[in-house]
Amino acid sequence: MRITKALIVLLVIALSASLALPVFAQDGGATYKAKCASCHGPEGQGKIGPALKGTSLTADQIADLLTKGNDAKKPPHKKALASLSADDAKAVADFVKTLK
């Protein structure tokens, strides 16, 4: 009986972990739409800011830009975006890399 309960608990944990991954990516899309789309376009086609669709930057480079900033860029990317956590920046970067 204890083994059965333990197996059920492990199964629930495994299912929860596998279901969390798509939600993480979806959060990146929602964060992008809320914080980035007004300048970069809802599909990354560019508006005020440059197009991100098909960018040559890696997801890590995008996340670094969002969390650390870059003096060579125009605001708001000259400085780190204080409103984004490192996890949120990674999720947004992963989402941007899906834009084709």
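Bear in mind these aren't lab numbers, they're just calculated from the coordinates by the rules spelled out. Since this is a predicted model, take the numbers as computed values, not measurements. As a convention, Cβ positions derive from the backbone with ideal geometry for all residues, glycine included, and neighbour counts pool all protein chains shown.
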Would any residue of the range 69-89 have its amide N under 17 Å from a label point 7 Å out along Cα→Cβ of CYS39? List them or say none.
69-85, 89
What ranking, highest mean first, results for peptides 83-92, 42-51 when packing means the other Cβ atoms within 10 Å averaged over each residue?
83-92, 42-51
Two pseudo-spin positions, 7 Å from Cα along C-beta at SER85 and at ARG2, lie apart in nanometres by 3.6 nm
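Subtract the Cα-Cα distance of LYS78 and LYS53 from 0.36 nm times their separation in residues, and report this length gain in nm to one decimal.
6.9 nm
By the scheme Lys and Arg +1, Asp and Glu -1, what is the net charge of all other residues having a beta-carbon under 15 Å from that of ALA91?
Computed value for this residue: -2.
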